[in-house]
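Let me begin by presenting the structure, written as C-alpha cells, before commenting on it.
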Amino acid sequence: MSSDTPISTAQDALTRSGIDRSLRHPVMFFLMSGSAWLAISMLLGLISSVKIHNPDFMSDCATMSLGRVYAAHVNTLVYGWGMQAAFAMILWLMARLSGKECSMIGSILTAGHLWNIGIAIGVVGILAGFGTGMPWMEFPPFAWPVLLVAYAVIVIGSFIQFRVRPEGGAMISQWYLLAAMIWFPWVYLTANILLHCIPGHPVMAAGINAWFKSGMVFLFFTPVALGTVYYITPKVTGLPIFSNQLAKIGFWSLAIIAPWAGMQKLAGAPIPIFLPYVGGAATALIFIPACAAAVNNLRSILANRETLALSPALRFTFAGLISLVILVICGVFLNLPNSTLKASQFSMAGYSAEILAMYGFFSFVIFGAAYFIVPRVTRREWLSRRLIRWHFLFSVYGIITVAAVALIGGYLQGTDQENWELPWMTAAQTGAAYAVAITFAWCMILLSNFFFFIHLTLMWLRLGRRGPNPTLLTNPHAADALDSAAH
Amino acid sequence: MSLPNQKPELEGTDIQRRAAREAAACGREKPIAKPGSAPISVWVLAACGLAAVSAGAILGGAGKGFDYNKIFRDGYVRTPPPGGSDEGPPPKAAMDAYMARGKKVWSSKCITCHQADGKGQGDNFPSLVGSAWALGETERFSMIVLNGLHGPMSTGKIYSGASGMPSQNATNDLKPEDLAGVMTYVRNNFGNTKGDVVTVDMAKAAFSISAKRTKTGQTTVEELTAEHVKDLPGKPLDPKAMVNPLTLMPVFAKTAPDAAAAKKDKTPEAPAPAAGTTAPK
C-alpha cells in the first residue's frame with residue numbers, strides 16, 4: 001500500500017481492520033445463514049441419495065418424495081449456501097480492494113433477511129409440491145423477483161465502492177467479482193423471464209433451463225470463486241500472481257466462452273441442431289479460462305509449500321483449484337456428442353459434475369476464504385485446529401467419493417440406459433450400487449459441515465480465541481513462526 | 001494500559017500498539033504484490049490448444065451453419081442401434097395395425113353421423129352394421145367414402161335430406177392409409193366380420209379411380225351401380241402379416257434393395273419372432 005515504515009504499516013493495518021469491523025455483521029450473517037442452509041442441503045442430499053438405492057425409505061410421505069427432496073437439496077445448495085457465501089465474499093473483497101468501509105449495513109441485513117425468507121418459503125413450496133420442476137429454478141414462481149430485489153440491494157454498495165475506488169487500475173479479483181455481479185442478474189433475469197413470463201416452446205424451455213444452470217456455474221459461482229482465489233493466494237503466500245497476461249487471458253476467455261455453454265444437455269432433442277454442439281464445444285473450451293486461473297494460482301501456492309502445510313485458507317483454496325481442474329477436464333471428456341455425452345446426459349454423471357463445481361470447487365474456495373476472513377471481521381482466532389482439519393479431511397474424502405463414484409457409476413448407468421436391449425430397470429440397478437457409496441459420502445460431507453457450522457457459530461458469538469497468533473493446521477517450526485504469522 | 005483514542009493526536013508508537021491489539025490479524029497480513037509478467041508456460045498453451053482442438057471437433061459434428069430451422073445434422077441417417085435392425089417402430093399384425101388406424105379416423109371423422117356403434121341415427125344417417133355396400137365390393141365402398149353420396153338409396157330411402165353424405169376426401173383431407181384403415185375398420189367392427197384387410201395399395205388405387213371419375217360432386221346410386229361394382233385392384237394382405245404401424249406397409253417391403261436381397265433367406269421366419277418376443281424394450 002505504501003512505504004514500509006512500521007508506523008505506516010500499523011496505520012494500514014488499522015485501516016483494514018476498520019473496514020473489516022464495518023463488515024462484521026453482513027459477512028457473518030451471510031456466512032452463518034449460508035452454512036446453515038448448506039447443512040440443510042446436505043441432509044436433503046443424503047435423504048435423496050438414500051431414496052435412489054432404497055426407494056421405500058420414507059415412501060409414504062409425499063413431502064419426502066424424491067422429486068421434492070432432491071429439488072430442495074439442489075436449490076438450498078445453490079441459493080441458500082452458494083449465493084449467500086458469494087455475497088459474503090463480494091461484500092468483503094470489494095470493500096477491502098476498494099479500501100472503503102461498508103456504509104449500508106442496515107439495508108444489506110434487511111435484504112439478507114428478505115433473501116432468507118424467500119428461500120425458506122421457496123423450499124417449503126417445493127416440499128409442499130408447488131415446485132416448478134425446472135432444475136435449479138424449482139422455487140414457486142413468486143420467489144424469483146423477491147430474490148432479485150434482495151440481490152440488488154445486497155450488492156449495490158459494492159458497485160459504488162468499486163466506482164469510488166482509489167486511483168489505479170482494478171485488481172484481478174475485482175475484474176472477476178464485478179463481472180459476476182453483472183452476469184448474475186443477466187442470467188437470472190433472462191432465464192426467469194423467458195420461462196415464467198413469456199413461456200415459449202417447452203422443448204426450448206428445457207434448453208434455456210440447461211443454459212441457466214450452466215450460466216449460474218460458469219458466469220457466477222466460478223468468477224466469484226476465482227476472484228476470491230486471486231485475492232487469497234497472493235495475500236497468504238506473499239508471492240505475486242505469476243502472470244498478469246495469463247490472468248487477462250483467463251478472464252476474457254471466460255467472458256467470451258461461458259455464455260455459450262449449457263445446451264449440450266439437450267443433445268438429441270428437437271431444437272436447432274447447432275445449439276447442443278455449440279454448448280458442448282463451449283463447455284470443453286472452459287478448460288482454457290479455468291486452466292489459466294488454476295495454473296496462475298497453483299504456481300504461487302506450490303512455490304510456498306510451508307504456508308500450504310500451515311494455512312487452512314491456502315489448503316482449502318488449493319483443494320478447490322484441483323477440483324476446478326478435474327471439473328474442466330471432465331468438461332472436455334464428457335461432452336463428446338457422439339460418444340460420452342449420451343452416457344452423461346441423463347445419468348448420475350451430470351449430477352456429479354454439478355456437485356464437483358458447487359462443492360469441490362466453489363465451496364472449498366469459500367471455506368478457505370472464510371478461514372481467512374472470519375478472524376478479521378470478528379477479531380477472534382479460530383478455536384480449534386482439529387475442527388478445521390476434520391472439516392477439510394471429511395470434505396475432501398466426501399467430495400472425492402461423490403465425484404469419482406458418480407462419474408464412473410454415472411457413466412456405466414448411462415451406457416446401460418443407451419443400450420436399447422436392456423430394460424430400464426437394469427440401468428437403475430447399475431446406478432443403485434454406486435448410489436450407496438454416494439450416500440456414504442454425503443454422510444461424511446454432512447459431518448464435515450457440522451464441524452464447520454459449530455466452529456463458525458462459536459466465532460459468530462465471539463467466543464473465538466483472543467490473541468495475536470493465527471490458528472494454523474500444524475505447529476509451525478520456530479524458524480517459520482514469523483513467516484507463518486502472515487496468515 | 002493506556003487508551004490511545006483519548007489522546008488528541010496519536011503518536012507513532014501508540015498507533016503500533018493499538019494496531020497490535022485491535023488489528024492483530026490485519027497487521028500480520030502481507031501486502032498483495034503486483035502481478036508478475038512471467039512467460040506463459042508452453043505446457044499451458046499446449047493443454048489449452050488440445051482443449052480447443054477437441055472443442056472444434058465437437059462443433060464440427062454439427063455440420064455447417066447456425067441455422068435455426070435445422071433440427072437434424074446435414075446428411076443425417078438414422079442408424080440402427082447396435083445389434084438391432086432399423087425397421088422403424090415395432091411391427092404389428094396387419095389387422096391390428098389397420099384397425100388401430102381406422103379407429104382413429106372413425107372416432108375423429110365418421111363418429112359424428114354414424115355414431116360410436118356404427119348404427120347411424122334413424123332417418124338421417126344409415127347404419128353400417130351388416131350393410132351390403134360397406135361389406136361388399138371395395139371400390140363402390142371407397143367411392144362413397146371419398147366422394148360422398150346423395151339421392152335415393154337402393155331401398156328408395158333418402159338420408160339427410162338433399163345434402164346426403166359429404167365427400168370425406170374434400171372435407172377431411174384423407175390419406176390413403178386413413179382410407180384403408182377406416183374401410184378395414186368398418187368391415188371388421190360393429191359386429192361386421194369380413195376378415196379381410198383393405199390395403200394401402202388398394203386405397204391408392206381408389207384415389208386414382210376417384211380422380212378419373214367422369215362425374216363431379218357426390219356419387220349417386222346410379223353411378224355406383226353402373227361403374228363401380230367391383231373390388232379395388234391390389235394384392236390382398238394376410239391379416240396376420242406384420243406391418244409397420246405408421247406406414248401400414250409390410251415390414252420387409254420398405255428396406256433398400258440390397259438389404260432386402262441379403263435378408264431374403266431370413267424372410268420366411270423373421271415375422272414370427274417379431275410378434276412379441278423381440279420388440280424393443
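The values are calculated or read from the model by the stated rules, or taken from the named source; none is laboratory data. Owing to the predicted nature of the structure, the values given are computational and were not obtained by experimental measurement. Every residue, glycine as well, gets a Cβ built from its backbone with ideal geometry; the counts of neighbours run over all protein chains shown. The accessibility values were calculated without ligands, DNA or RNA, using every heavy atom of the protein model including side chains. Shrake-Rupley method; radii C 1.70, N 1.55, O 1.52, S 1.80 Å.
Exactly one of these conditions fails for A:S214: (1) in a helix (DSSP H, G or I); (2) surrounded by fewer than 22 Cβ atoms within 10 Å (Cβ to Cβ). Give me its number.
Failed condition: (2).
Give the residue, chosen from A:A437, A:A428, A:A433, that is more than 14 Å from chain B (Cβ to nearest Cβ), of a type in the set (A, V, I, L, M), touching a helix residue (DSSP H, G or I) at 6+ places or on another chain (Cβ under 9 Å) and without any contact (Cβ under 8 Å) to a residue 60 or more places away in the chain.
Checking each option against the conditions leaves just A:A437.
If you scan region B:15-73, which residues turn out to be of a type in the set (D, E, K, R) and within 30 Å of A:V332 (Cβ to Cβ)?
Those that are of a type in the set (D, E, K, R) and within 30 Å of A:V332 (Cβ to Cβ): B:K64, B:D67, B:K70, B:R73.
I'm trying to understand the selection: among the residues of region A:1-53, which are open to solvent by 50 Å² or more (accessible area, probe 1.4 Å) and not hydroxyl-bearing (S, T, Y)?
A:M1, A:D4, A:P6, A:I7, A:Q11, A:R21, A:R24, A:H25, A:I40, A:L43, A:I52, A:H53
Across region A:217-240, which residue is nearest to the other protein chains (Cβ to nearest Cβ) among those that are among the small types (G, A, S) and either open to solvent by less than 10 Å² (accessible area, probe 1.4 Å) or at negative phi (or both)?
Among those residues, the one meeting the criterion is A:G227.
From A:A150, A:A143, A:A191, grab the single residue that is free of Cβ contacts under 8 Å to residues at least 60 places away in the same chain, closer than 16 Å to A:I208 by Cβ, crowded, with 22+ Cβ neighbours inside 10 Å and among the aliphatic types (A, V, I, L, M).
A:A191
Check A:D60 against each of (1) assigned to a helix (DSSP H, G or I); (2) over 28 Å from A:D20 (Cβ atoms) and name the one condition it does not meet.
It is condition (1) that A:D60 fails.
Condition check: more than 10 Å from chain B (Cβ to nearest Cβ), hydroxyl-bearing (S, T, Y) and open to solvent by less than 40 Å² (accessible area, probe 1.4 Å). Does A:S311 satisfy that?
yes
I'd like the residue in region A:336-352 that is part of a loop (DSSP other than H, G, I, E, B) and more than 14 Å from chain B (Cβ to nearest Cβ) and, out of all such residues, is nearest to A:K265 (Cα to Cα).
Per the stated criteria, the residue is A:F346.
If I ask for residues that are open to solvent by 20 Å² or more (accessible area, probe 1.4 Å), more than 21 Å from A:W183 (Cβ to Cβ) and among the aromatic types (F, W, Y), which ones from region A:241-276 would you list?
Once the filter is applied, which keeps residues that are open to solvent by 20 Å² or more (accessible area, probe 1.4 Å), more than 21 Å from A:W183 (Cβ to Cβ) and among the aromatic types (F, W, Y), region A:241-276 yields only A:F242.
Within region B:15-48, can you find the residues that are open to solvent by 30 Å² or more (accessible area, probe 1.4 Å) and either over 29 Å from A:A170 (Cα atoms) or modelled with pLDDT of 90 or more (or both)?
Hits for region B:15-48 are B:Q16, B:R17, B:R18, B:A20, B:R21, B:V42, B:W43, B:L45, B:A46, B:A47.
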